[in-house]
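Below is one structure; the comments refer to it alone.
The values are calculated or read from the model by the stated rules, or taken from the named source; none is laboratory data. All of these numbers come straight from a predicted model, not from anything done at the bench. With ideal geometry, Cβ positions are generated from the backbone for all residues, glycine too; neighbour counts draw on all protein chains shown.
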Amino acid sequence: MLIASLMSTGGDSSDRVFILGLGFQKCGTTWIYDYLKQSRYFDGGFDKEYHIWDAVDVPLLKYNLENKPGFIGRTFQSKRMKRYIMQTNENAYYEYFNSLYRGEVSITGDITPSYSALSKSRMASIISNFEDKGVSCKALLLIRNPIDRIKSAVRYNLDRRYFKEGIKFGETNFRTALEGYYTTEHCKIRTMYDQTLNNVYATFDPNDVYVGVYENMFERDQVSKMSEFFGIDENFEFTKVRVNKTKSMVENMPELESSIREYYSEVYEYCNDVFPVTKELWK
């Protein structure tokens, strides 16, 4: 009954779009999601980050798997129950998002930053399953100076005392946490933009891929490009809102930052080549 309830019938629009957010953490995905939400054409469903495919496919991220909810949480309205159903019945994922296309709604999506770790085969499967329902799938990726992304992630996780993403349990010192974090697998799957983008370009039509650069994404011309890609009206009020400007950004650690830049040198080289604007923005 729960699966049947989750898998209701969607609309008949021939221009339906599903946005698959493929990263990256602390690069402005919440801002993008909020921007999409204000459009009458978008309905993201019950959450921004669904954590279906990372939990199912990536061993490092299995902590995102939902245990079967107990009696109290066993209702259709429970986010945990919906997520559990999708993680255990893949078709429920596609049917759920298909059900959101109604009225003026022609765009929906799942913007889970840790999907940066997904394989080409999973991306291709998502595209194919939505195509079978007459829905086109577009990839959304936001990139940021790796040093700033990593520092922001460390500060965010320290502030909420979250130790599942590579920071040593109980750590409170920012510098020590940063030193231990930047070489972990958790950090690498969220920072190796080149690997994720190579997978994306190998599976998606290039015209269906949007890559935004955090450092200039709030500028009017970038908002215009993004709006055109999504097929929504421009709203320049959002250019006044900045996200992820954590206090860690004011902590200067030249030697450690130099080590981080060297460790991710291939990422810098790739982005400087493919997205030349980063040469200036990521000095």
Among the candidates Ala177, Ala139, residue that is aliphatic (A, V, I, L, M), surrounded by 17 or more Cβ atoms within 10 Å (Cβ to Cβ) and within 26 Å of Tyr33 (Cα to Cα): Ala139
Qualifying residue in the stretch 140-156 (condition: touching a Ser or Thr at 6+ places or on another chain (Cβ under 8 Å), aromatic (Phe, Trp, Tyr) and closer than 30 Å to Lys283 by Cβ): yes
Among residues of the stretch 228-258, those that are within 28 Å of Arg175 (Cα to Cα), surrounded by 12 or more Cβ atoms within 10 Å (Cβ to Cβ) and at pLDDT 80 or above, counted: 3
Residue selected from the stretch 194-227 under the condition touching a Ser or Thr at 6+ places or on another chain (Cβ under 8 Å) and either not in a helix (DSSP H, G or I) or not acidic (Asp, Glu) (or both), by the criterion surrounded by the fewest Cβ atoms within 10 Å (Cβ to Cβ): Arg220
Residues of the stretch 82-122 satisfying the condition of being part of a helix (DSSP H, G or I) and among the β-branched types (Val, Ile, Thr): Ile85, Thr88
Subset tally (residues that are within 23 Å of the chain's Cα centre (by Cα) and either assigned to a helix (DSSP H, G or I) or aliphatic (A, V, I, L, M) (or both)) for the stretch 171-186: 4
Condition met for Arg261 (touching a residue at least 60 places away in the same chain (Cβ under 8 Å), of a type outside the set (Ser, Thr, Tyr) and either surrounded by fewer than 18 Cβ atoms within 10 Å (Cβ to Cβ) or over 28 Å from Asp54 (Cβ atoms) (or both)): yes
Cβ pairs under 6 Å, 6+ apart, first in the stretch 143-171 and closer than 15 Å to Glu251 by Cα, second part of a loop (DSSP other than H, G, I, E, B) and modelled with pLDDT under 95: Ser152/Asn244; Ser152/Thr246; Arg155/Thr246
Unmet requirement for Asn157, which otherwise passes all of (1) buried (at least 20 other Cβ atoms within 10 Å of the Cβ); (2) closer than 26 Å to Val213 by Cα; (3) modelled with pLDDT of 95 or more; (4) polar (S, T, N, Q): (3)
